[in-house]
Structures are given as structure tokens and as C-alpha cells.
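Just below is one structure, and these are the notes that go with it.
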Amino acid sequence: MSDEEVTKPRYYRNHRLKQAKMQRQVRKTQRRLTRLRIMYKLFLLFGMIFTIIFILKMPQWRLPSNAFDRVDNPALEIINNQIVPSQKILSALRRTQVPKKPIFLVKTTPLRDSIKKLEPIQDVYIRRFWFPARLQILVVERTPIITISPNPDVPPIAFFSSDGKLIGREYMPLDESYSTVLVITYGKDDDYRNWDLAKVSNFKKLASLIESETGEKVEYIDYRDPRDVYVKIPTVNIRLGVINSSIFDKIQRLPSLIPQVKMINKKVKYLDLRWDMSYMKMDE
């Protein structure tokens, strides 16, 4: 056997040993890289969890403890309230504690229900802003249509809303932007506190019809004596008597009567519509 034949198997054995060693080294490196990747992922996961916990614990996610203490607090905005003062809404909010949870976990139903107990409030919408935490409270108030006063020279002491709700003097006076019909009543013979929506709507209908027929604004409806009702417009006082279904037909005479009142040199005390034939009562 030649030396070359002896050397050849030895070469192959050495080559296979080197190859096996390299493969073990590659597998070892792969295992190390796999462990590094796992450790890296765990590090990222714990880092993300820590970061999320840190962010969620930031005070900006929660309403400050004094959120309901004053109107100008940046954490609270009250809008669309013209009848109910913001201070009264704050007082209603104080019936509940300032939520201590993050703002996105806060349930606004208790706050909403508390505000809706205020009589002029018809509905409430509460928006939550997350960062920094704050609340925006949008209130929907009842629409005043009738105001009540005991005398034409006395400011109104109450009002009726379009849904027949009587609102007391604590929410008076109303903003001048509201167009209401003033009804003068003592509340004795026909107590206004017992009026229903149909009666309130009837006063509104009466005033609207007179304004439509005369082109003049109704200053007030004098209901101090329910059996003898007057309506005051700038030109003249209109005597209606008892308000019933027939009175609405009699009001349609006004377009022909008002020009006659303006043409008379004497002062007209009132224009009487109680009878089938209307007439003008002169001021003596």
C-alpha cells in the first residue's frame, strides 16, 4: 500500500472532524442568538408594560380633585346654559365625588343624572377628553314660552317651558334673547301653578294669532280676572272677555279695526271683542 493511499483516509477523517466541529459551533451560535432574541423580546415586553403602567399612572389621565370647585377650572367646561347659572350646575356636580379613575374609565351617568335634577335642564351631554383629563358639559335647557307676573310693572317671577314645565323665580330673569308671552295673573281664581301644557299652549296660540293679525307685538295678556281678559298691544288694549273657542274667530276682525283706532283723534280705552259687534271704548 502506497503512502498516498494511507494518507487519503486520514485526510477525510480530519475533514469530517473539522466539518462536525464547525457544525457544532454553528448550532451553538444559533442557540446563543435564539436566547438573545428571547431575552430581547422579554426586555421589550417588560419595557412596554412598565411604560404603559407609568403612562397610566400619570396624573394627567385623571380629573384633579378640585375639578368641581370653581367655574373657571380648566378641567371642566360648561356650555349652552343661558337659564341655569354655571354655579348651580357646579353645585349639582358636587353631589357626586370627583372620579378617581382614569378619565376613559369614568362613567358619566351619575354626573348627568345629578345635573338633570335641575328643573330648567331638559338633557345633558358629557364629553370626556383624555389627556389631559377634562370634561365638557353641554346642557339642553327647556325653551321658555310664557312668563308670569302679578303686575305689568313687576318683573316676571316664573316661566312655563314649551313642554308645560313651570320654572320658579330662582331662574329669573330670563335672557333677553328669549321671546316669551307675558301673562299677568294673581294666581287666585285660576292658579297658574295648576296650569297644564294645553292651557299654556293656548296663551301662546292666542298671542301668536293677535300678532299675526295686527302686525304688532303683544306686550302682555292680562289674566288677573279669567272672566274678563285683556291683551295689550302698542296701539290699543283689546278686551276679550272669557277665552273660549269663539274668541279666535273674533280676533280675525282686528285687521279692519286697528286702522280705525289709529285714525281716531281721541284716546281709545280698549277695543271690545266680547260681542258679535265690536266697538271702541273711549277714554273719558
Count of residues meeting criterion [of a type in the set (S, T, N, Q) and touching a helix residue (DSSP H, G or I) at 6+ places or on another chain (Cβ under 6 Å)] in segment 81-125
2
Kindly provide the set of residues from segment 191-205 that are part of a helix (DSSP H, G or I), among the charged types (D, E, K, R) and under 18 Å from Ala158 (Cα atoms), ordered by number.
Arg193, Lys199, Lys204
Selected residue (only one of Lys41, Lys21, Lys8 is surrounded by 10 or more Cβ atoms within 10 Å (Cβ to Cβ), out of contact with any His (no Cβ under 9 Å at 6 or more places or on another chain) and modelled with pLDDT under 75):
Lys8
Would you please name the residue that is surrounded by the most Cβ atoms within 10 Å (Cβ to Cβ), looking only at residues in segment 206-249 that are part of a helix (DSSP H, G or I) and out of contact with any helix residue (DSSP H, G or I) (no Cβ under 8 Å at 6 or more places or on another chain)?
Ala207
Mind listing just one residue for me: the one in segment 254-284 that is basic (Lys, Arg) and surrounded by 12 or more Cβ atoms within 10 Å (Cβ to Cβ) and, of those, modelled with the lowest pLDDT?
Lys281
Is there a residue being touching a Phe, Trp or Tyr at 6+ places or on another chain (Cβ under 9 Å) and either in contact (Cβ under 8 Å) with a residue 60 or more places away in the chain or not in a loop (DSSP other than H, G, I, E, B) (or both) anywhere in segment 94-101?
no
Does Leu105 count as within 19 Å of Leu63 (Cα to Cα) and touching a Phe, Trp or Tyr at 6+ places or on another chain (Cβ under 6 Å)?
no
Give the residue, chosen from Ile247, Ile251, Ile238, Ile221, that is within 15 Å of Ile145 (Cα to Cα), in the same structural domain as Lys266 (by TED's automatic domain parsing), touching a residue at least 24 places away in the same chain (Cβ under 8 Å) and among the β-branched types (Val, Ile, Thr).
Ile221
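The values are calculated or read from the model by the stated rules, or taken from the named source; none is laboratory data. For clarity, every value in this text was computed on a predicted model and none was experimentally measured. So basically every Cβ, Gly included, is an ideal-geometry build from the backbone, and we count neighbours across all protein chains shown.
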